Amino acid sequence: MPFRPIALTAGTLLFAAATAAYARPDTRTMTCEQTQALIQSHRSAVLTTGANTYDRYVRQFGNECDWPEVPTAASVPTRDGQCRVYRCQEPAFDFPN
């Protein structure tokens with residue numbers, strides 16, 4: 001019986017690690033249409049875009065960005081190619097001298 005607590009603890013840690021790894025939807029496993037629909041339906045979503053990359057994506061027309069950020073076009077990999085989405089970024093102004 002001394003191995004039972006160790007096995008239970010190891011199983012719990014393994015489950016927690018697996019859950020954390022799959023906590024975000026992965027754009028690479030979805031179509032572009034599914035990715036855009038997910039963002040639209042939730043207003044914003046944190047999505048995995050690569051082995052070690054993720055970001056928060058928002059609707060094009062909404063108020064999900066904090067001032068002074070605005071929705072800026074971005075591209076993410078999807079099952080059917082590259083997909084246009086939006087993420088919050090500060091606008092780049094080019095003021096003439």
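Below, the figures for the structure above:
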item	result
Virtual spin-label span in nm between SER41 and ARG24, 7 Å along Cα→Cβ	2.0
Projected label distance in nm at GLU69 and ALA92, using a 7 Å step from Cα toward the beta-carbon	1.7
Volume per residue that the Cα convex hull of the range 47-97 spans, once the total is divided by residue count, Å³	114
5 angstrom amide H check on MET30, placed H, neighbours 5+ away	ARG79
Assigned charges on the beta-carbon of Lys, Arg, Asp, Glu; the range 25-97 dipole about Cα centre (debye)	240
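Since every read-out is calculated from the coordinates, none of them should be taken as a lab result. Worth saying up front: this structure is predicted, and the values here are computed from it rather than measured. Ideal geometry is used to build each Cβ from the backbone, glycine not excepted, and the neighbour counts take in all protein chains shown.
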